[in-house]
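Below is one structure, written out as structure tokens; the observations come after it.
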Amino acid sequence: MCGIVAYAGPGDTTAILLEGLRRLEYRGYDSAGVAVAARRKIKRVRVVGRVEELTDPVGADLTGSYPAGIAHTRWASHGPATTANCHPHTDGSGRIAIAHNGILDNAEQLRAEITAAGGVLTSDTDSEVLAHLIAAQLEAGAESLVAATSAALDRVRGTYGVVVLDAREPDTIVAARHGSPVVIGVGDGEMFIASDPAAIAHHTRKVVYLDDGELATVTAGDYATITRDSRRTIKAPVELTAAAEGYELDGYPDFMTREMHAQPEAMRRALAGRLDPRWGTTRLDGILLDARELRSLRRVTIFGCGSAYYAAEAGALLIEQLARIPAEAQPASELRYRNPVVDSDTLYIAVSQSGETADTLVAVEELQRKGARVIGCVNVVGSSIGRACGQGMFLHAGPEVSVASTKAVTNMTLSFAMLAVLLGRIRDLSPADGARLVAGLEKLPAQVEQILADDEHIAQIARTYANASRMFFLGQVRGWPVAREGAQKLKEISYIHAEAYPGSELKHGPLALIDESMPSVVVIPDDDVLERNLSTIEQIAARGGPVIAVTSAELPKSAPITHMIRVPHNSPELDPILLTIPLQMFAYHTAVALGRDVDKPRNLAKSVTVA
Ligand code: F6R
């Protein structure tokens, strides 16, 4: 989604901004731009396309040294991807430039007012009004850029993370946040601002996160934060965590490969210090509820979007099975609109890699408004969802760049497994079962290594079916969220239509679609529904459909399977974590065979910060 980078300092401003934009590319965007203040005028360069296409015009037009600058990658929301719609936007006189993330709900009304007052708007965007409103406040005598920005923001309804540059005060940047993240990077005699620490983590590890309703005035040597009602806030920088490192390919062909192969290490990080073999339980110190409070829970509701929602489904199942507490998963994008009935005995868990997904964040806020107890299961420390929840389980997956989520999703399910063991042991899960699961959790990273080593075999199967135009992903009970995630991965990066179904539902309708051209990937854990899965395979094979079985079980030789992908067996409860890995690899190799841009699939963004 849209990204902001800004810089104030003695360095090469345009080069620093362009490098920052490059590091935000993974979030997805369709156009980009840079603005600096030069001789009492804003100079800017904007392009539709990739950041690399911006490099030449920026080099040509923005040479020289500038004390500060702002830059943006845009994902079209109001108005198509055109140069005129690219940020940074300026006011009519070219004094003010802004880069904005978020959506202004009353933009139409403000645009009409600006036009009626003789202002000329040059884009279709909602954001452009901000530049005009801030300039008008300065013209009307606002005492500072931050005061003008605050007064302008009083006029808007909606969400924003915004940076502002004033050509008459060329060494200052003002930033403000409401619903869209802004982080200040504190350097040595230089300052960075970004919507995502990834853009600035290579410069500094000391950061200040703006809170909603906060503004900052930033110069090379200092930053000052205030609230919208002009109260000074004192914020010391905090240390950036590992989640902002590692945005390089390090010899891998793409980030998805790098991230799939980072899974064993990411899992070990997530497990570190959390397993308690002696008591057959786990320790999750980020959850600030004691054993009595955890024991009094009567329900668990987990919510997230996309792959995070499928991980939530796997998590709900684990909690229900191991702790015997009714648990369910909900898409956050639905939950937020459902006017949910909040129950004080329910634990709500928001799950998100980025911690910035707008639908999930709004669902958290809506639930909290109703008095719900919401904890986070989030990868990015310091993210909006992590901070809104204030407690929970961090995923420790490290930075994830590829749009298709792999290691973060694996660590989501892993975290839910740890939580399920913890909740189980507080209730009726026996010490022996607890110990078995703790041992199983410990074994998982090495088993994932084994699966990753099966790469060429999985690649061959993927190439065999790469020209299929549609595929089924089938699974039952524990295999069902795995099948959903497998279908999601395939469709998002290969663009093949993939549909997930619970295996036993096949005969209630979708069986009509089965023929030789419809491959089915059947997910088969080694558990008590093995017979049902074998029956599903028989039904498909009887109609001529190819079957790709992905299994941790020893299947009978007679089973009519066209291709088999074996994963090691762990425990029935934990096998789904292993079964997900080959489906990532299958999707990846299919996408590569079709020549897709695996890290940046069309129409998708890494972090969906608009609702
Ligand atoms: C799938 C994918 C998306 C995200 C979803 C939620 O590979 O990446 O479906 O899972 O947009 O994102 P987060 O986890 O950042 O909230």
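Numbers for the structure displayed
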item	result
Segment Ser65-Ala432, length gained on full extension (0.36 nm per residue, minus Cα span)	125.4 nm
Distance in nm between pseudo-label sites at Glu108 and Arg278 (7 Å out along the Cβ direction from Cα)	6.5 nm
In Hz, Karplus ³J(HN,Hα) per residue of the stretch 399-416 (6.51, -1.76, 1.60; θ = phi - 60°; x = Gly, Pro)	x, 10, 9, 4, 4, 6, 7, 10, 5, 5, 5, 4, 6, 5, 5, 4, 5, 5
Rg ratio (alpha-carbon, reference 2.2 N^0.38 Å) - the stretch 349-490	1.24
Residue-normalised accessible area of the chain, given per residue in Å² at a 1.4 Å probe	37 Å²
Size-normalised alpha-carbon gyration radius of the stretch 3-240, reference 2.2 N^0.38 Å	0.90
Nearest 10 degrees, 0 to 90: helix 51-61 Cα axis against the chain principal axis	20 degrees
Residues Glu538 and Ala116, FRET efficiency given R0 of 51 Å [Cβ-Cβ distance, rounded to 0.05]	0.10
20 Å reach of a label modelled at Gln391, 7 Å along Cα-to-Cβ, counting backbone N of the stretch 285-305	285-303
Pairwise centroid distance, computed over Cα atoms, of the stretch 418-438 with the stretch 140-190, Å	50 Å
Projected label distance in nm at Lys41 and Arg338, using a 7 Å step from Cα toward the beta-carbon	5.7 nm
Cross-link reach list, lysines versus Lys407, counting only Cα pairs under 20 Å and skipping chain neighbours closer than eight places	Lys443, Lys489, Lys491, Lys600, Lys606
Of all accessible heavy-atom area on the stretch 104-228, the percent that carbon and sulfur account for (1.4 Å)	47 percent
Dipole of the chain, positive direction: furthest Cα of Ile349, Thr172, Val238, with charges on the beta-carbon	Ile349
³J(HN,Hα) computed for each position of the stretch 531-538 - Karplus, 6.51 cos²θ - 1.76 cosθ + 1.60, integer Hz, glycine/proline x	4, 5, 5, 5, 5, 4, 4, 4
Residue-averaged 222 nm ellipticity for the chain, from DSSP H runs of 4+ at -39500 (n - 2.57), nearest 500	-11000 deg cm²/dmol
FRET E, pair Arg369, Glu505, Förster distance 22 Å, beta-carbon r, rounded to 0.05	0.05
0 to 90° range, to nearest 10: angle between helix 13-24 axis and the chain longest Cα axis	20 degrees
Contour minus Cα-Cα distance for Asp528 and Arg228 (0.36 nm per residue)	102.2 nm
Interatomic Cα distance distribution for the chain, bins of 20 angstrom, percent	20, 49, 27, 4, 0
Label-point gap, in nm, between Ala446 and Leu288 - each point 7 angstrom along Cα→Cβ	3.8 nm
Principal-axis tilt of helix 575-593 within the chain, Cα atoms, nearest 10 degrees	60 degrees
Of all DSSP beta bridges in the chain, antiparallel share, percent nearest 5	60 percent
Accessible area of the stretch 309-416 belonging to carbon and sulfur atoms, whole % at 1.4 Å probe	46 percent
Rotationally averaged projected area of the stretch 248-449 (alpha carbon convex hull; nm²)	10.6 nm²
Dipole of the chain, positive end: most advanced residue of Val592, Pro57, Pro568 [Cβ charges, Cα centre]	Pro568
The stretch 528-555 versus the stretch 342-358: alpha-carbon centroid distance in Å	35 Å
Cβ-placed point charges (K, R +1; D, E -1), dipole of the stretch 437-485 about Cα centre in debye, nearest 20	320 debye
Efficiency of FRET from Cβ geometry, Asp211 and Ser558, R₀ 51 Å, rounded to 0.05	0.25
Part-to-part distance (alpha-carbon centres) for the stretch 24-56 and the stretch 471-521, which is given in Å	42 Å
The stretch 181-195 - phi-based ³J(HN,Hα) in whole Hz, Karplus 6.51/-1.76/1.60, Gly and Pro as x	x, 9, 10, 9, x, 9, x, 9, x, 8, 10, 10, 9, 7, 8
Linear extension gain, Arg602 paired with Asp12, 0.36 nm per residue minus alpha-carbon span	209.1 nm
Rounded to the nearest 20 debye, dipole of the chain from Cβ charges on Lys, Arg, Asp, Glu	600 debye
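The values are calculated or read from the model by the stated rules, or taken from the named source; none is laboratory data. This structure is a prediction, so every number in the text was calculated from the model and none was measured. No Cβ is skipped: glycine too gets one built from the backbone with ideal geometry, and neighbour counts run over all protein chains shown. Accessible surface areas use protein heavy atoms only, side chains included; no ligands, DNA or RNA. Shrake-Rupley method; radii C 1.70, N 1.55, O 1.52, S 1.80 Å.
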